[in-house]
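The values are calculated or read from the model by the stated rules, or taken from the named source; none is laboratory data. Here the structure is a predicted model, which is why all the values come from computation and not from measurement. Here the Cβ positions follow ideal geometry from the backbone for every residue, glycine too, while neighbour counts run over all protein chains shown.
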Amino acid sequence: MLFLVLTLWNAAGAAPARVVILNSYGRGFEPYNSFSEDFRTELATQFAQPLEFHDVALESTRLQGGASERLLVQYVNTLFSGQKLDLVVLVGAPAVRFALRHRDELFTGTPMLLSCIDQRDFRRAAFTTNDAVVSVEFQGKLFLKSILQVLPDTTNIAVVVGDSPVEKFWQNELRPEFEPFGNRVNSIWFNKLSFSEMLKRSAHLPPHSVILYLLLYVDADGIPYTQDEALVQLHEVANAPIFGFHDSQMGYGVVGGPLMAVKELSQNSVDVALRILHGEQPGSIKTPVQRQGKPVYDWRELQRWQIDEARLPAGSTILFRQPTSWQMYGGYVIGTLALFGFAAILISLLFLNLMKRRRAERAARESEERLSLAAGAANIGMWMRNVSRDQTWASPNWRRIFGFSADERLCFQKIQQRVHPDDREMVARAMEHAVSHRTDYSAEYRVTLPDGSVRWIDSRGRLYSEKDGKTERIGGVSIDITERKLAEAEVRELQKQLARASRVSIMGQLATSIAHELNQPLGAILLNAEAAGLLLNQKPLPLGELRETLKDICKDDQRAGEVIRRMRALLLQHDFERQPLEVNPLAEEVLRLINGDAASRSIEITTRLSPQLPIVQGDRVHLQQVLLNLIMNAMEAVSRQPPERRRLTVSTSLTTDDAVEMTVSDSGPGIEPASLPHLFEPFFTTKKSGIGMGLSIADKIVKAHHGRIWADNLSAGGAVFHIVLPVDKGRQ
């Protein structure tokens, strides 16, 4: 299996340097994934000229040579045929072997940088003057010594390793390094087990055992795994501490030790790549072999397995250390003591002011009256419910809001009868939850007054309990929010009308494109109808040709009808409707609308639609409006460029946090940095004739889909707009 991720920076002037990164494994395989990301970022940052990266990942766990490798060679050869490559970076041993086997066919004369390979794996490899090597050396003895230093009572070491060719190589290399420790520990190799069997064995290891996580690409059943995923699952069930080999595993459950520093390895490789790109002969560049770095440990794992920090090697670094109890709660202790001191002073003051009680009571009554007046002015009603007796006290203003008389006895059931039938169950659940979970009460609902009028109410309350726990009460306030609700509904209606007006405006701008798209099928219908008329005059009748002509007329009629359907969908009044959507067909439908307009302006539109994207929940028309608005803006931005630079790209992809992203990028002049924070504000515009509502409406539509929208400037010129929408979890 092969997947290609292409990132392209276009810069004015000199052609960019082309760098191919050939990875041994797919995304998610550590430490290669971390290495590749760091390498790409640092090289692009440190190289002064434009770079064009091509990432090719070999799924080496599934590639077993023969026909599958031949197909891969043909694909890579087709991919880079006729292109001048400035550097090929090989990441990991399988990628190196593949490239060396097919160098003459794929990368003749191209400098190569071989990285992330152990020097013992290529002791007999025939490197040329066009090859630079950044190698590492894993010392198994050093790992074992560090384990026995921190856990001297260890008697069993379970080695988690898979059964692929590369894993078999490392078994053969490391088993001899384990032999000198054979009189002290028993080595248990998991290479002949399925991953599920590994998990079972790891959960029931004997006392004084440790787990050494070597590699797990393919288990004995031939099933491939990603490193982090397998390590996390192992950590969840293991009854013994886990040790690893490289620092990208830190935070996923390994205790630590003298780990290989992946970031240092990527930086060393970047240094060599820069020298090659600046013209040095690769074979003349010599770098020292990188070995394990200074010991680093996870504080959480040390605590979990009760490992004494005094046993760690000198100079060890401890990560994820949590603050001590005093650091966490010392402030609270001091505050509590201060509170007690304050309470003592307060009691003394109360004793001294005992004679002033009557004046304080009078002041309290006055304060209560002021509070009542303030509540009335703010249209706030106060209430208190005795839960055990189901009795409710309410202020006069509360009774007025709910339509109860001053002397009417109140209980929860009676109050519920005033609640709108559609909201009663929600109010009951909110009250029950507050009582059962001893939390605050909050509900926003409608009430129907005796005269038939409906009011909106916002109620908030808090649970109070006596010491014996038998007279629980909920006290709170209720506010009449009817006017606010009516205003919100009016705003929503105005927003809906404004969104439709925006769609109509966009369709007006696309009139030429739509006319062009309609003229094609209508013209074809006319020509075919005339042809059918001529065929009807022939004797005998050519029935076969007539059928084909009628089929063409039907097909072109359907094309014209589809254009009209898309126009009607965007122009008609439309309520927000959520439904399962695929973003690729949605984007393709928008692109069909604007193709004619783009062609008339000599604008080249490129699509990069990622296949098999997950489903999202959304409103098709509203999302099409957002994408159409962004594309129209991008076309306007590039229309003043020379014809050869009038380009824009529409892309879809899956983000690292499992969301779907759509982007629209252009080769225009970009966006003023001072304008970027204000682009989505209402009435903000950078156009002379704009009113500043298009992007504001787009922002509200995307947020209504629980998504995000933002814009950036591209380093090579132009701008890119991003739309990220959450995946429909129920349809994954």
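Computed quantities for the displayed model
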item	result
Residue in region 390-413 that is loosely packed, with under 14 Cβ neighbours inside 10 Å and modelled with pLDDT under 65 present	no
Pairs, first in the same structural domain as Ala634 (by TED's automatic domain parsing) and over 18 Å from Asp657 (Cα atoms) in region 693-711, second among the hydroxyl-bearing types (Ser, Thr, Tyr) and assigned to a helix (DSSP H, G or I), C-beta under 9 Å, six or more apart	Met693/Ser502; Gly694/Ser502; Gly694/Ser505; Ile697/Ser502; Ala698/Ser502
Close pairs (9 angstrom Cβ cut-off, 6 or more residues apart or separate chains): aromatic (Phe, Trp, Tyr) in region 191-209, crowded, with 17+ Cβ neighbours inside 10 Å and in a loop (DSSP other than H, G, I, E, B) anywhere	Phe195/Gly162; Phe195/Leu216; Phe195/Asp219; Phe195/Tyr225
Residue that is farthest from Val134 (Cα to Cα) [pool: residues in region 271-290 that are surrounded by 14 or more Cβ atoms within 10 Å (Cβ to Cβ) and charged (D, E, K, R)]	Glu280
Residue check, Ser653 without any contact (Cβ under 8 Å) to a residue 12 or more places away in the chain and polar (S, T, N, Q)	no
Residue match in region 320-332 (condition: surrounded by 13 or more Cβ atoms within 10 Å (Cβ to Cβ), in contact (Cβ under 8 Å) with a residue 60 or more places away in the chain and not in a loop (DSSP other than H, G, I, E, B))	no
Answer from Thr129, Thr45 - the residue that is assigned to a helix (DSSP H, G or I), at pLDDT 90 or above and either at negative phi or buried (at least 20 other Cβ atoms within 10 Å of the Cβ) (or both)	Thr45
Qualifying residues in region 583-639 (those that are over 27 Å from Lys687 (Cβ atoms), part of a helix (DSSP H, G or I) and touching a residue at least 24 places away in the same chain (Cβ under 8 Å)) - the one farthest from the chain's Cα centre (by Cα)	Arg620
Sole residue being closer than 30 Å to Val88 by Cα and not in a loop (DSSP other than H, G, I, E, B), chosen from Ser202, Ser196, Ser266	Ser266
Tally of residues being crowded, with 22+ Cβ neighbours inside 10 Å and in contact with a Lys or Arg (Cβ under 9 Å, 6 or more places away or on another chain) across region 97-126	1
Leu212 vs. criteria in contact (Cβ under 8 Å) with a residue 60 or more places away in the chain, of a type in the set (A, V, I, L, M, F, W, C) and in a helix (DSSP H, G or I)	no
Only listed residue being under 30 Å from Ala489 (Cα atoms), surrounded by fewer than 18 Cβ atoms within 10 Å (Cβ to Cβ) and either of a type outside the set (A, V, I, L, M) or in contact with a Pro (Cβ under 9 Å, 6 or more places away or on another chain) (or both), chosen from Thr439, Thr448	Thr448
Odd one out for Phe181, checked against (1) of a type outside the set (Lys, Arg); (2) modelled with pLDDT of 85 or more; (3) assigned by TED's automatic domain parsing to the domain that holds Arg304; (4) crowded, with 21+ Cβ neighbours inside 10 Å	(4)
Answer from Val621, Val626 - the residue that is of a type in the set (A, V, I, L, M) and in contact with a strand residue (DSSP E or B) (Cβ under 9 Å, 6 or more places away or on another chain)	Val626
Scan of region 33-43 for residues that are under 19 Å from Glu229 (Cα atoms) and either of a type in the set (Val, Ile, Thr) or more than 21 Å from the chain's Cα centre (by Cα) (or both), ordered by number	none
